[in-house]
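See below for the structure under consideration.
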Amino acid sequence: MATPVRGMSSRALQAEQTRQQILQTAQHLFAEHGYDATSLQMIADEMGLTKAAVYYHFRAKGDILYAAMLPGIQRLGALLDEAAAIRGRRARIEHLVNGFVDFLVQNRHYAVMASTDPAAKRGNLDDESKTMRRRALTLLFGDNPTGAERLAFNAVFFTPECLPDLVDLTDSELREALHTTMLRMLRVRSGS
């Protein structure tokens, strides 16, 4: 729930809270049914709102998807910025893997939808994803990665698609499995 912001009216605060609730509801429905199978009416019904109320906050369903995915995109972008400032390949790789693993564990159900739903691969979202992938590859392996390095990177990058097969793992077990496997794929020995 949003906290009051100085100068924000109670009406504006309530509108922001409703907007955030729409995003949370949409994320849940997108993860459960997929983006294309989730209608604005389903989102409205789940919240007890009218479809017009949802339209008041978002002009189109695509705007909801983008707003729902934006915090994750921003977090991964910040992770890349942090890694770019780290000297030493091993330390940079470990930072990226630790951050990516934490992100996947914290967002495990959402990460599956974001990596497998065709809607996430359309337009601006896919462009941003490709830009981040290229940047991460360069941070990990430099400007001219080998074929084996590109393959290892892509295997790591598409790990979220494997998360549905790991629902039986606790967060701790998932974190350990992801961390160990990703470092092994990237040919970095685990520090533990």
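Some notes on this structure:
- All of (1) farther than 18 Å from Asn107 by Cα; (2) in contact (Cβ under 8 Å) with a residue 12 or more places away in the chain; (3) assigned to a helix (DSSP H, G or I) hold for Leu79 with one exception: (1).
- Residue in the stretch 24-34 that is over 20 Å from Asn107 (Cα atoms) and hydroxyl-bearing (Ser, Thr, Tyr) present: no
- Taken as a whole, the structure leaves Leu49 outside the set of residues that are part of a helix (DSSP H, G or I) and either open to solvent by 60 Å² or more (accessible area, probe 1.4 Å) or not β-branched (Val, Ile, Thr) (or both).
- Of the residues making up the stretch 52-69, just one is aromatic (Phe, Trp, Tyr) and open to solvent by less than 40 Å² (accessible area, probe 1.4 Å), namely Phe58.
- Some residue of the stretch 146-159 being part of a helix (DSSP H, G or I) and in contact (Cβ under 8 Å) with a residue 40 or more places away in the chain: yes
- Residue satisfying condition, being open to solvent by 40 Å² or more (accessible area, probe 1.4 Å) and closer than 30 Å to Tyr66 by Cα, within set Pro164, Pro160: Pro164
The values are calculated or read from the model by the stated rules, or taken from the named source; none is laboratory data. Because the structure is a prediction, the values reported are computed rather than measured. A quick note on method: Cβ atoms are made from the backbone with ideal geometry, for glycine too, and the neighbour counts reach across all protein chains shown. Quick note on the areas: whole protein, heavy atoms, side chains included, nothing else; ligands and nucleic acids left out. Shrake-Rupley method; radii C 1.70, N 1.55, O 1.52, S 1.80 Å.
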